[in-house]
Amino acid sequence: SVIGVRFQVAAALQEGRVTPAELCQRCLSLIKSTKFLNAYITVAEETALKQAEESERRYRRGQPLGVLDGIPVAVKDNFNTAGIETTCASNMLKGYISPYNATVVQKLLDQGAVLLGKTNLDEFAMGSGSTDGVFGPVRNPWSYSRQYKEKSVPKSHSEDKESNWVITGGSSGGSAAAVSSFTCFAALGSDTGGSTRNPAAHCGVVGLKPTYGLISRHGLIPLVNSMDVPGILTRCVDDAAVLLGSLAGHDPKDSTTIQDNFKPFELPNLTDVSKLSIGIPKEYHAPGLSSEILALWSKAADLFKNSGAKVIEVSLPHTRYSIVCYHVLCTAEVASNMARFDGLEYGHRSDMNRSTESMYAATRREGFNDVVRGRILSGNYFLLKQNYENYFIKAQKVRRLIANDFVKVFQSGVDILLTPTTLSDAVPYMEFIKEDNRTRSAQDDILTQAANMAGLPAISVPTALSERGLPVGLQFIGRSFQEKQLLTVAKWFENQVKFPMIQLEEVKRHNHDVFQHQKSASFS
């Protein structure tokens with residue numbers, strides 16, 4: 001079964017069967033042997049080993065800081081990390097080292113977690129494939145799994161194995177690949193329109209987008225302030241609860257966080273689902289939804305029904321306007337947020353020095369890719385005085401209607417909504433790049449972005465392998481701030497479906513020598 005942090009790894013550390021330094025070393029050497037995945041932009045080897053040694057001293061004294069002490073984690077490269085480069089996978093921030101840690105990073109470090117490095121993404125987190133960053137695309141670890149290799153037959157001899165690899169989804173593809181390939185135990189992503197849940201579904205890991213305001217955004221380089229949420233990627237639902245418990249709560253540096261204290265919780269083992277009411281939103285049967293995913297979605301609904309839960313079809317009528325509305329609001333906020341990259345305070349600065357204006361323009365032309373520039377242009381168009389009422393204000397009104405749809409459904413007695421996370425399993429890279437970023441994002445965000453518009457918690461849980469041997473995830477959407485209920489149901493579902501473990505030859509060879517003497521912390 002899945003090796004979770006909360007039970008297996010923390011116990012192995014506690015009992016001294018493995019030391020934080022050994023664990024860290026093992027992850028670092030795995031990062032090296034899976035370098036071809038391109039999951040990491042920066043690997044912080046020295047600081048990670050130092051943190052692992054400090055953790056070891058705490059364990060020797062019998063005073064670990066908690067469950068996360070000594071646990072190797074990775075962080076998406078759009079969270080600021082003091083002393084470690086933060087690039088957002090853009091030329092604009094190449095070489096930028098932040099003077100401070102994002103609140104979530106600081107909280108992980110305060111609890112003894114070991115930061116292995118920063119993970120790859122679409123430039124400034126704009127995209128749904130993790131293919132558009134300046135450091136190149138991330139490869140999905142499942143491309144190299146026994147499950148996929150057995151199913152994928154090259155169409156012709158000329159089609160070499162190399163071009164067969166599939167994308168991770170995005171924009172937090174590096175974090176999802178890192179967790180999926182065992183190079184870390186948990187990772188942070190960000191989620192503005194589905195950027196944590198989408199790659200989680202494609203990489204066969206758990207991806208949690210918490211309620212807006214539950215986790216601090218301070219130090220997360222903003223894309224859309226009113227929708228961004230730090231996301232959590234882990235190998236099982238229990239671990240997502242562990243991370244949520246250590247990250248959630250008020251932050252004086254982020255005025256949008258909740259005021260109340262957050263009480264970390266352990267997830268109960270649900271045995272009786274008969275009191276649950278599961279809603280199946282009919283609008284999520286979207287154009288382009290693969291028949292395979294539709295079948296899995298129905299099967300999951302039946303699973304709840306046959307276990308005694310009430311399963312009802314519900315309607316969220318404004319869903320069909322959601323993606324257009326999201327596009328207007330997203331680009332408008334992007335245009336505003338990207339104004340800070342002007343070549344003056346930090347980041348790239350052009351050598352063009354004819355005038356301040358020309359320096360600004362050249363800096364932004366050289367620093368941003370087409371996708372980012374395109375969104376800045378659209379956003380500024382929607383914000384023009386003559387367009388503001390017709391686009392931005394109207395989109396805000398539609399957003400309220402979308403949020404109200406969810407409120408009504410939850411008021412009608414539904415506890416949790418069950419939907420697909422993605423329209424299909426992961427697409428081969430060569431196929432993915434045939435369409436531009438905007439078309440892809442509009443398709444790929446369709447099932448996930450409404451939860452961001454409404455600020456609701458949502459989690460993608462790995463459900464089964466497709467006919468091609470690739471992971472498929474389903475999404476649960478919960479009531480605002482009811483993470484405990486959402487995760488409890490997700491954990492029950494996870495236990496029912498028993499998603500298969502990825503079989504990576506590269507990882508197998510590795511595990512053998514490090515973990516052969518103790519079974520309970522093994523990974524395979």
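The values are calculated or read from the model by the stated rules, or taken from the named source; none is laboratory data. Every value quoted in this text rests on a predicted model; they were computed, and no experiment measured them. In this analysis, Cβ positions are derived from the backbone assuming ideal geometry, glycine residues included, and neighbour counts consider all displayed protein chains. With ligands, DNA and RNA removed, areas are computed over all heavy atoms of the protein, side chains included. Shrake-Rupley method; radii C 1.70, N 1.55, O 1.52, S 1.80 Å.
Return the only residue of SER175, SER226, SER180 being open to solvent by 10 Å² or more (accessible area, probe 1.4 Å) and of a type in the set (Ser, Thr, Tyr). First the steps, then the outcome.
Values: SER175 fails: open to solvent by 10 Å² or more (accessible area, probe 1.4 Å); SER180 fails: open to solvent by 10 Å² or more (accessible area, probe 1.4 Å).
Result: SER226 is the single residue among SER175, SER226, SER180 that is open to solvent by 10 Å² or more (accessible area, probe 1.4 Å) and of a type in the set (Ser, Thr, Tyr).
Please find, among PHE410, PHE499, PHE481, PHE493, the residue that is of a type in the set (A, V, I, L, M, F, W, C), open to solvent by 10 Å² or more (accessible area, probe 1.4 Å), part of a helix (DSSP H, G or I) and at pLDDT 95 or above.
Details: PHE499 fails: part of a helix (DSSP H, G or I); PHE481 fails: part of a helix (DSSP H, G or I); PHE493 fails: open to solvent by 10 Å² or more (accessible area, probe 1.4 Å).
Checking each option against the conditions leaves just PHE410.
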Here is a list of conditions, (1) open to solvent by 60 Å² or more (accessible area, probe 1.4 Å); (2) not in a loop (DSSP other than H, G, I, E, B), and ARG354 meets all of them except one; can you say which number that is? (2)
Return yes or no: is VAL105 more than 17 Å from the chain's Cα centre (by Cα), crowded, with 19+ Cβ neighbours inside 10 Å and β-branched (Val, Ile, Thr)? no
For region 282-308, name all the residues that are assigned to a loop (DSSP other than H, G, I, E, B) and either open to solvent by less than 30 Å² (accessible area, probe 1.4 Å) or in contact (Cβ under 8 Å) with a residue 24 or more places away in the chain (or both). ALA286, GLY288, LEU289, SER290, SER307, GLY308
Go through LEU223, LEU233 for me and flag whichever is within 23 Å of THR81 (Cα to Cα) and either in contact with a strand residue (DSSP E or B) (Cβ under 7 Å, 6 or more places away or on another chain) or without any contact (Cβ under 8 Å) to a residue 40 or more places away in the chain (or both). LEU233
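Please tell me if SER322 is in a helix (DSSP H, G or I), among the polar types (S, T, N, Q), modelled with pLDDT of 95 or more and under 24 Å from ASP425 (Cβ atoms). Please lay out each step first, then the result.
On the way: in a helix (DSSP H, G or I): yes; among the polar types (S, T, N, Q): yes; modelled with pLDDT of 95 or more: no; under 24 Å from ASP425 (Cβ atoms): yes.
So SER322 does not fit the description; no.
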Applying the selection to region 253-281, what residues are open to solvent by 30 Å² or more (accessible area, probe 1.4 Å) and either part of a helix (DSSP H, G or I) or of a type in the set (D, E, K, R) (or both)? LYS253, ASP260, LYS263, GLU266, ASP272, LYS275
If we keep just the residues of region 4-26 that are closer than 15 Å to LEU65 by Cβ and over 24 Å from the mean Cα position of the chain (by Cα), which is most open to solvent (accessible area, probe 1.4 Å)? GLN14
Determine, yes or no, whether ALA426 is in a strand (DSSP E or B) and within 30 Å of LEU28 (Cα to Cα). no
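Kindly indicate which of ILE293, ILE280 is closer than 16 Å to VAL409 by Cβ and either in contact with a helix residue (DSSP H, G or I) (Cβ under 8 Å, 6 or more places away or on another chain) or of a type in the set (A, V, I, L, M, F, W, C) (or both).
Values: ILE293 fails: closer than 16 Å to VAL409 by Cβ.
None of the other options fit; the residue is ILE280.
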Only one of ILE402, ILE459 that is β-branched (Val, Ile, Thr) and part of a helix (DSSP H, G or I): ILE402
I'd like the full set of residues that are touching a helix residue (DSSP H, G or I) at 6+ places or on another chain (Cβ under 6 Å), within 16 Å of LEU93 (Cβ to Cβ), open to solvent by 20 Å² or more (accessible area, probe 1.4 Å) and in a helix (DSSP H, G or I), limited to region 365-375. VAL371
With (1) open to solvent by 20 Å² or more (accessible area, probe 1.4 Å); (2) in a helix (DSSP H, G or I) as the list, and PHE124 as the residue in question, which single condition is left unmet? (1)
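Residues checked against (1) surrounded by fewer than 20 Cβ atoms within 10 Å (Cβ to Cβ); (2) on the phi > 0 side of the Ramachandran plot; (3) not hydrophobic (A, V, I, L, M, F, W, C):
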residue: ASN404; (1), (2), (3): yes, no, yes
residue: ILE416; (1), (2), (3): no, no, no
residue: LEU423; (1), (2), (3): yes, no, no
residue: GLU431; (1), (2), (3): yes, no, yes
residue: GLU435; (1), (2), (3): yes, no, yes
residue: ARG438; (1), (2), (3): yes, no, yes
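Scan ALA339, ALA362, ALA335 and give me the residue that is among the hydrophobic types (A, V, I, L, M, F, W, C) and open to solvent by 40 Å² or more (accessible area, probe 1.4 Å).
That would be ALA339, the only listed residue that is among the hydrophobic types (A, V, I, L, M, F, W, C) and open to solvent by 40 Å² or more (accessible area, probe 1.4 Å).
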Output yes when any residue across region 72-89 is open to solvent by less than 10 Å² (accessible area, probe 1.4 Å) and at positive phi, and no when none is. yes
